[in-house]
Amino acid sequence: MNGRAAVDHLPALHAYLDDPARQDSVRAAAVAVVEALAAAAVELAGVIASGPLVGITGRDGAVNPDGDTQKDIDVVADRLMRDALRTAPVAAVLSEEVELPETLDAEAPLCVAIDPLDGSANLANNISVGTIFSIRPKARDILSTFFEPGTAQIAAGFFIYGPQTVLVLALDQRVDVFTLYPPTREFVLTGRGVRIPPDTPEFAINASNRRHWSGAVRGYIDECLAGANGECGRDFNMRWIGSLVAEAYRILVRGGVFLYPADVRPGYREGRLRLLYEAHPVALIMEWADGAASSGRARILELSARTPHQRVPLIMGSPRTVRDIDMMHEGVEPLFENADAPLFARRGLFR
Ligand code: FBP
């Protein structure tokens, strides 16, 4: 098969972005940010692919502001992404690896929240990891930009460093997929206008935390596990990769639902994932691809952060499934309610 000939028919990212860039100055700025991040992602993909051959040991180093232990690759990814953003029209950047937003060019029109390398602990096992970003117009006061709801985002996306390096981009109310073609170091369009299937019997959750979950989440998963023998009357499949970008990508391809709920463990009472650079951007991607994203009690995009590294429960995927799980939260006390208590017993998915 002639790979080169197949690529020649596909628009490259920079050509594809010409159209939105012509529409208005804010969109032109967002396109410049995406292109800067894409160039950095090509570098980062090379470093990740070579790993120990270029001195990446995967060793733990400092602890980031959120209490996570940084790996050497986290530091490299953070430097690459923030250096790239300095070349783009960005007023301030909030990175997972830094405590507070950093001002870059105060006059520039956009602010960016970024997780430079999500799931880096997976790299030791050669599992896909990613860079997640969220782009929003600068508010009058730069800092307050980050405390606006997720609906303020004008674009978002993630790169996956996996078997292929892929960019999933939400821009102009649509979601497109670009794949890196290594010989030219260019991203080319491989998936146009992604649409999430409305209802796929597949779920992803870290089931080892079951005893810590709220009754609503336990009830939903128990019904999935009962499968054809239970009230839902059909079998479910389960996946858990432990890498948000890989889970989100699977949902874009074949639907299903991903849950990282709040639970009773100390430090998990607001969930695990971060609102500004994990939940907000993936929620925008889900919604613009016809999916949904919720905390169980509210639409993720309507939530505002109170602190830069705030966590949030995240349920995302096929819209009917997310809606069903939201319904199971209705009338149930927020967290720590007893799954066996009468209140929960009244609430089920299929009754
Ligand atoms: P980091 O932000 O520390 O990289 O972790 C995020 C993450 O790896 C997600 O990608 C993934 O969904 C989740 O943590 C897995 O968490 P757990 O190990 O608790 O199941």
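For R269 and R297, calculate 0.36 nm times their separation in residues minus their Cα-Cα distance, and state this gained length in nm to one decimal. The partial results should precede the final answer.
Values: separation 28, 0.36 × 28 = 10.08 nm, distance 1.41 nm.
Taking R269 through R297 to full extension adds about 8.7 nm, to one decimal.
Using the count of nearby Cβ atoms within 10 Å as a rough guide to exposure, how do L273, L53, L314 rank from fewest to most?
L53, L273, L314
If one takes the longest principal axis of the Cα atoms in the chain, at what angle in degrees, from 0 to 90 and to the nearest 10, does the Cα axis of helix 244-254 lie?
80
How long are the semi-axes of the ellipsoid equivalent to segment 26-85, from square roots of 5 times the Cα gyration tensor eigenvalues, in whole Å, largest first?
25, 16, 6
Counting helices only, and only those DSSP H runs with n ≥ 4, report the 222 nm mean residue ellipticity of the chain as the sum of -39,500 (n - 2.57) divided by its residues, in deg cm²/dmol to the nearest 500.
Only helices count here, giving -9000 deg cm²/dmol.
Which residue fluctuates most in the GNM of the chain (Cα springs below 10 Å): P197, P261, P11?
Maximum among the listed residues: P11.
Given 10 Å bins starting at zero, what is the percent of C-alpha pairs of segment 129-255 in each, up to the one with the largest pair distance?
Result, from short to long distances: 11, 29, 29, 24, 6, 1 percent.
Could you work out the local net charge near P201, counting Lys and Arg as +1, Asp and Glu as -1, over the other residues with Cβ closer than 9 Å to its Cβ? Could the numbers behind the result be given before it?
Details: positive: R234; negative: D199, E202, D235.
Its environment carries a net charge of -2.
How long are the semi-axes of the ellipsoid equivalent to the chain, from square roots of 5 times the Cα gyration tensor eigenvalues, in whole Å, largest first?
Details: eigenvalues 219, 102, 84 Å².
Output for the chain: semi-axes of 33, 23, 20 Å.
Could you put H212, H280 in order, starting from the residue whose Cβ has the fewest other Cβ atoms within 10 Å?
On the way: H212 17, H280 30.
In order of increasing Cβ crowding within 10 Å: H212, H280.
Please list 181-191, 144-154 highest first by mean number of surrounding beta-carbon atoms within 10 Å per residue. The partial results should precede the final answer.
On the way: 181-191: 16.3, 144-154: 19.0.
Packing order, densest peptide first, comes out as 144-154, 181-191.
What are the ³J(HN,Hα) values, in whole Hz, obtained from phi via the Karplus relation 6.51 cos²θ - 1.76 cosθ + 1.60 with θ = phi - 60°, for each residue of segment 205-218 in sequence order, with x given for Gly and Pro?
7, 7, 5, 5, 8, 3, 5, 9, 6, 6, x, 4, 5, 4
Where Lys and Arg each count +1 and Asp and Glu each count -1, what net charge lies around R211 among other residues with Cβ under 12 Å from its Cβ? Write down the numbers at each step before the final one.
Numbers: positive: R210, R218, R265; negative: D263.
Computed value for this residue: +2.
Per the Kirkwood definition applied to all pairs of different Cα atoms, how many angstroms is the hydrodynamic radius of segment 92-155?
By the Kirkwood definition, the hydrodynamic radius is 12.8 Å.
At each listed q (0.13, 0.14 Å⁻¹), what is the log10 of I(q)/I(0) that the Debye formula gives for segment 4-155 modelled as equal alpha-carbon point scatterers?
-0.65, -0.74
Viscosity 0.692 mPa s, temperature 37 °C: Stokes-Einstein D of segment 202-346 from its Kirkwood Cα radius, in µm² per second?
Roughly 216 µm²/s, to the nearest whole number.
By how many degrees, 0 to 90 and rounded to 10, does the Cα axis of helix 319-329 deviate from the longest principal axis of the chain?
The angle comes out near 50 degrees.
Under a GNM of the chain (C-alpha, springs under 10 Å), which listed residue has the highest mean-square fluctuation: A92, A39, A156?
A39
No lab work stands behind these numbers, since they all come straight from the coordinates. In this text the structure is predicted, and so the values were computed from the model without any measurement. Note: ideal-geometry Cβ built from the backbone for every residue, glycine included; neighbour counts use all protein chains shown.
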